[in-house]
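One structure below.
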Amino acid sequence: MFTVLFKLGWFFRQYKGRYLTAMILLILLNFIEVAPPALIGHLIDQINQRTLTHATLWEIVLIYGGLIVVSYIFGFIWQYQLFGGANLLQRTYRTRLIRHFLAMTPTFYEKNRTGDLMARSTNDLIAVSETAGFGILTLIDSTTYSATILLSMAILVNWKLTLFSLLPMPIISFLMTKYGEKVHQRFVLAQNAFGKMNDKVLESIAGIRVLRAYVQERAQEDRFAKTAHDVYQKNVEVAKIDSLFEPTIKILVGIMYMIGIGYGAYLVFQSQITLGSLTSFNVYLGMLIWPMLAIGELINTMQRGNASLDRVTETLAYPADVKEAQHPITLQHLDVIRFEDVTFQYPLSNQPNLESLSLVIRKGETLGITGRIGSGKSTLIKQLLREYPSASRGSLMINDIAIEQIAFDTLYGWLGYVPQDAMLFSRTIEENVRFGQQSATNEQLFAALEMASLKNDLSLFPQGLETLVGERGISLSGGQKQRIALARALLKDPEILILDDAMSAVDAKTEAHIVEAIRGYRRGRTTLIATHRLSAVEHADMIIVMDQGRIVEQGTHEELLALSGWYAEQYARQQLEQAQEDDEVFAQEVIS
């Protein structure tokens, strides 16, 4: 049951001053709080024996008042220290988790559902922090506080009466242990179900347009209702065990009361204890209710915390698929990128996704990458992004140094990446564009917007650059999102600009403007453009055509046309389609 405390030992050692202060004050308060019943018993005995004087009464009142003041001060300090520590633990783990998530590669997210990761970052961490706060409180109250009360009962009242009253204790220990085991098992299931429900909510929100387009709202409601009912049922199973703790303890404490009152009255009649002592004993029994309840709360909290900590630790223990070299090399400049017989296979793939690929890209060159869907264009780019472990064969070199040996800060500092599915944050347009270069001037900002063909569109937005784009840019069109992402990369002015089908949602005229702007602006810089639309790469210094992870054609635009292969056929087809579109636009203009 206390395994979770050993697992959190590193945290308690780190903040030992805070926890020692809280625990010492709690223990001192235990002794302070057993004093009032003794004072009450003494007062009743003096009243019963008619020996109470005004001086004695005022003395008892002043002592009682002093105990209240001390209890208030001590109580404030221990609560601040203890529960402040619990919040520190939660903050520490949240920081660790987000650092871990940022270091993870796609493989991690393929194996872990987003909803479950959110559950571990929220509900599970709350359960863990309760262990370091409320759990420590119940541990002290169920041990030292109850021991202090029992010793006071035995020493100040009567040891035989105390011993008889404790007869139900073994039953309490047995039942609490059994309840705790069941809570642990059922709480794990409930948290797993909560993670699945989170996932369903995220899917519903992200896919709301598709759901509406296919009129699947009611069907999705039904599916989610089943998921929510499953979460409800599993939490009800936890609640059933939770609800047994307090009634069980109250019944057993009630039996202790019956024994105490019955046997205590007998001892009073036998003149072995006074009426005041019996009164004190019953007050002590009343005080013993919370420590007995604390036993149940302790087991409940520790089992929940242990289950949640195991889930969080499991996430943090997932090793990074791509690790930085022990002694990374920091390069000052980029001269050449060289793929040498690279063969790569995704972790979940059954066959190589790149095979025997050799390629040289020199500083300042523009490389066009094209080919059929699934031919390996994005896979080639991801080798530079280091999203997956190293190639199974061959090597990727930068300045004749293996990419695995280059420091992450150096490599990622060179890169500017714009994927097809542009990721925007729930901020303003300007904040999204400045994301990679906060210190850029307004002139640089508007120059990037101009190159991305977005400057003229600013008047269409309600607040211009200050327009909030909504979550993941939901309020924008696909073309607008791509152009904002492109402007973000251009503002950074990276050494290597990677465009992975980044203009698929813009029209041909806008694309031509962007390509021309990039050609002029990126002179002397390396650019990689992966695309299906060949007009975006016909200006490139080198174009490669990929198929099934291999380079099947390679050369300049003119050289590839002369080969009369896939590139030439595709280019002719796209030119014909563009001509037909231009004729249709012209016809519409004439009619209007």
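The values are calculated or read from the model by the stated rules, or taken from the named source; none is laboratory data. A quick note: this is a predicted structure, and the numbers were derived from the prediction, not measured. Heads up, the Cβs are rebuilt from the backbone with ideal geometry, glycines too, and the neighbour counts pull from every protein chain shown.
Listed by position, the helices (runs of 4 or more DSSP H) inside the stretch 384-466 whose residues that are touching a Pro at 6+ places or on another chain (Cβ under 9 Å) number at least 3 are 408-414. Taking the conditions (1) touching a Ser or Thr at 6+ places or on another chain (Cβ under 8 Å); (2) closer than 19 Å to ARG483 by Cβ; (3) among the aliphatic types (A, V, I, L, M) in turn, ALA536 satisfies each one other than (1). Against the numbered list (1) at pLDDT below 85; (2) touching a helix residue (DSSP H, G or I) at 6+ places or on another chain (Cβ under 9 Å); (3) not aliphatic (A, V, I, L, M), LYS509 comes up short only at (2).
So which residues in the stretch 301-344 are outside any helix (DSSP H, G or I) and under 22 Å from ARG94 (Cβ atoms)?
ALA317, TYR318, PRO319, ALA320
Selection of the stretch 216-262 for residues being among the polar types (S, T, N, Q) and in a helix (DSSP H, G or I) yields GLN220, THR227, GLN233, ASN235, SER243, THR248.
Of all residues in the stretch 11-37, those being closer than 28 Å to MET153 by Cβ and not charged (D, E, K, R) number 15.
Residues in the stretch 467-506 that are charged (D, E, K, R) and at pLDDT below 85: 2 in all. Scanning the stretch 546-570 for residues that are of a type in the set (Ser, Thr, Tyr) and at pLDDT 90 or above yields a total of 2. Checking the structure you have, find out if any residue of the stretch 83-90 is under 25 Å from LEU151 (Cα atoms), of a type in the set (S, T, N, Q) and within 49 Å of the chain's Cα centre (by Cα). The answer is no; no qualifying residue exists.
Mind telling me which of the residues LEU385, LEU367 ends up being touching a strand residue (DSSP E or B) at 6+ places or on another chain (Cβ under 7 Å), under 27 Å from ARG519 (Cβ atoms) and either modelled with pLDDT of 90 or more or loosely packed, with under 15 Cβ neighbours inside 10 Å (or both)? So the residue among LEU385, LEU367 that is touching a strand residue (DSSP E or B) at 6+ places or on another chain (Cβ under 7 Å), under 27 Å from ARG519 (Cβ atoms) and either modelled with pLDDT of 90 or more or loosely packed, with under 15 Cβ neighbours inside 10 Å (or both) is LEU367.
In the condition set (1) more than 27 Å from the chain's Cα centre (by Cα); (2) charged (D, E, K, R); (3) over 30 Å from LEU275 (Cα atoms), LYS111 is compliant with all but (1). In the stretch 205-220, the condition of being farther than 30 Å from GLN46 by Cβ, surrounded by 13 or more Cβ atoms within 10 Å (Cβ to Cβ) and acidic (Asp, Glu) is met by no residue.
Remark: ALA119 falls outside the filter, which requires a residue to be in contact with a Gly (Cβ under 6 Å, 6 or more places away or on another chain), at pLDDT 85 or above and in a helix (DSSP H, G or I). Applying the criterion of being of a type in the set (S, T, N, Q) and in a helix (DSSP H, G or I) to the residues of the stretch 467-502, the residue that is farthest from HIS532 (Cα to Cα) is GLN480.
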